[in-house]
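Visitor: Let me begin by handing over the structure; questions about it come next.
Each reported figure results from applying straightforward, stated rules to the coordinates on display, with no laboratory input. This structure is a prediction, so every number in the text was calculated from the model and none was measured. Here the Cβ is made from the backbone with ideal geometry for all residues, glycine too, and neighbour counts use every protein chain on show.
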Amino acid sequence: MTCKKLLTLLFIVMSGGVILGQKSAPFQKTSSGLEYKIYRHGGTVKPRPGDIIKTILVYTNHKDSVIFDSRISRPENIFELLEPTFKGGLEEGMTLMAIGDSAVFRVNADSVYSKTFKVSRPNFVKKGSKMNFRIKLLAVKTKESIDTRSSEEIEHDNELRKTEEPKRIEEFVKLNNITVSPSETGLYYIVRTAGTEPNITPTSKVKITYTCTTLEGQNIDTQTNPIEIDMAAHKITKGMEEGLLLMKKGTKATLILPSKLAFGKRHISSVQPYTTLIYDLEVLEVN
């Protein structure tokens, strides 16, 4: 089945899969301008900003081509629901859903990429267009119900993670027979395939694909569709920026980012504080 045919089925859940149907139902609109369709399944528990939610998520561009499908790249799509990143943002829509509900949200693509994703809008997403986000809400938990530790215990555990991180990196490097030395900042840059001109510069715009995992092999993010990064915008992590500046068009490389070059002490979605990240990158274009 093609992606186009798959997405014309609009949210029908079978055996825990994502949904898809009732395409004739009109979109409704919130006072902020968010367009939505919600298919109710009898639940009553709705998430609020700060809650941890589990979803199945598929989003597409203006041509209904799939950009991201959590069933493929992130089976455990669990993250913290934040306050809306812009007026009419996707986060507002999720607060309208209850556990078990399925929904489609139509959101401005420029705002999604610049304010929610905080990366440059890729060329396969048309400027000024709308993106469709198809979501099934599977579970909602408050932070308190997930983490019963005291603030002192959390701080102690985070400090332990910080202290042990260098040792975890050292063990990973040894186990995987990595012979390159880290840079002065601690970045490991491992070339898999050498690229050709042009080099990436601080003003380049580059198109890349990547997979991001932890040292333990947990998948954090996968981008199989090329995304464009404006190096001058400085909207990526320090480690990613440092690594890309070493690369050329066609380069395939692995970057090992100590947490100080990634998210540091922050808890971002499924990324715990002081987590080392590994990126397997390919540079497709350099402009």
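Visitor: I need Val286, Val271, Val180 ordered by Cβ neighbour count within 10 Å, fewest first. Display every interim value, and only then the final one.
Guide: On the way: Val286 23, Val271 19, Val180 12.
Ascending Cβ contact count within 10 Å gives the list Val180, Val271, Val286.
Visitor: How would Glu159, Glu91 line up from fewest to most surrounding beta-carbon atoms within 10 angstrom? Could the numbers behind the result be given before it?
Guide: Details: Glu159 13, Glu91 17.
Listing Glu159, Glu91 from fewest to most nearby Cβ atoms yields Glu159, Glu91.
Visitor: Using alpha carbons only, how many degrees (0 to 90, rounded to 10) separate the axis of helix 151-175 from the longest principal axis of the chain?
Guide: Around 60 degrees separate the two axes.
Visitor: Go ahead and set up a Gaussian network model of the chain, Cα springs under 10 Å, then flag whichever of Gly42, Gly93, Gly243 fluctuates most.
Guide: The residue with the greatest mean-square fluctuation here is Gly42.
Visitor: Next question. What ranking of Asp221, Asp51 emerges when the number of other C-beta atoms within 10 Å of each C-beta is taken as an exposure proxy, fewest first?
Guide: Asp221, Asp51
Visitor: Can I ask one more? What relative contact order, as a whole-number percentage, does the chain give when Cα pairs under 8 Å and 6 or more residues apart are counted?
Guide: Values: 600 pairs, mean separation 48.1, N = 287.
17 percent.
Visitor: Right, next: For the chain, modelled as a Gaussian network with Cα springs under 10 Å, which listed residue fluctuates most, Leu246, Leu160, Leu137?
Guide: Leu160
Visitor: Using the reciprocal of the averaged 1/r over all distinct C-alpha pairs, how large is the Kirkwood radius of the chain in Å? Can you show the working numbers first?
Guide: Numbers: mean 1/r = 0.0487 Å⁻¹.
The Cα-based Kirkwood calculation yields 20.6 Å.
Visitor: With all distinct Cα pairs included, what does the Kirkwood hydrodynamic radius of region 150-286 come out to in Å, to one decimal, could you say?
Guide: On the way: mean 1/r = 0.0641 Å⁻¹.
One over the average 1/r among Cα pairs gives 15.6 Å for region 150-286.
Visitor: While we're on this one: Taking springs between alpha-carbon atoms closer than 10 angstrom, which of Leu96, Leu138, Leu175 fluctuates most in the Gaussian network model of the chain?
Guide: Fluctuation is largest for Leu175.
Visitor: Any idea what the relative contact order of region 131-287 is, in percent, if you count C-alpha pairs under 8 Å spaced at least 6 apart?
Guide: Values: 267 pairs, mean separation 42.9, N = 157.
Contact order relative to length: 27 percent.
Visitor: Same structure again: In terms of modelled amide H atoms, which long-range or inter-chain residues lie less than 5 Å from the amide H of Asp221?
Guide: Residues meeting the amide H criterion: Cys212.
Visitor: Here's something else I'd like to know. Would you kindly derive the ³J(HN,Hα) couplings of region 192-206 from the backbone phi angles with the Karplus curve 6.51 cos²θ - 1.76 cosθ + 1.60 (θ = phi - 60°), listing them in order in whole Hz, with x for Gly and Pro?
Guide: 9, 9, 6, x, 10, 4, x, 6, 7, 10, x, 10, 6, 10, 10
Visitor: Along the charge dipole of the chain, which of His41, Ile256, Phe79 sits closest to the positive end, that is, farthest toward it, with unit charges on the beta carbon of Lys, Arg, Asp and Glu (+1, +1, -1, -1)?
Guide: Positive-most Cα among the choices belongs to His41.
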